[in-house]
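What follows is one structure encoded as structure tokens, with my remarks underneath.
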């Protein structure tokens with residue numbers, strides 16, 4: 001029985017590598033890598049990223065004292081402005097769109113695998129709408145199963 005389990009695990013691992021290779025060869029991954037490279041080669045994006053990182057460090061410093069720090073309001077506004085300027089660049093927006101499409105693909109693959117095992121398995125996602133869709137029995141979702149178990 002142990003030899004069969006080992007063989008099954010080897011087949012499963014081989015299939016997982018095949019799936020990973022298929023994902024890596026997908027259009028979503030190609031577009032993501034291309035968008036990432038364009039963003040990394042965009043001098044303005046890199047300048048604004050460095051500025052944002054600098055402002056974020058300043059924000060973390062004043063955050064230790066919170067709203068009582070004399071520069072809290074100014075630094076908070078500067079962080080938001082730097083982030084907004086960075087996010088408004090075409091190369092950054094294209095990267096975010098490609099990143100979201102890749103994230104959706106990975107979520108769908110994960111959801112398909114999880115559902116093949118059990119529909120109550122949670123699958124993490126960066127998209128709160130997908131997270132809400134996967135909430136249900138056993139996850140403390142709207143069905144109330146988790147609260148019913150606590151009351152037993």
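Taken together, the values in this text are just the output of simple stated rules run on the coordinates, not laboratory data. As the structure is a prediction and not an experimental result, all values here were calculated from the model. Glycine also receives a Cβ, built like all others from the backbone with ideal geometry; neighbour counts cover every protein chain displayed.
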Item to check | Label-point separation, residue 77 to residue 14 (7 Å along Cα→Cβ), nm | outcome: 6.5
Checklist outcome for this item: For the stretch 23-76, using Cα atoms only, the Rg and Dmax in Å read 17.5, 52
Next on the checklist: Assuming 0.36 nm per residue, please report the length gained on full extension of the stretch residue 50 to residue 114 beyond their Cα-Cα distance.
Outcome noted: 19.1 nm
Checklist entry - In whole angstrom, how far apart do the alpha carbon centroids of the stretch 101-125 and the stretch 18-61 sit? => result 24
Checklist entry - Between residue 122 and residue 23, how many nm apart are label points set 7 Å from Cα along the C-beta direction? => result 2.0
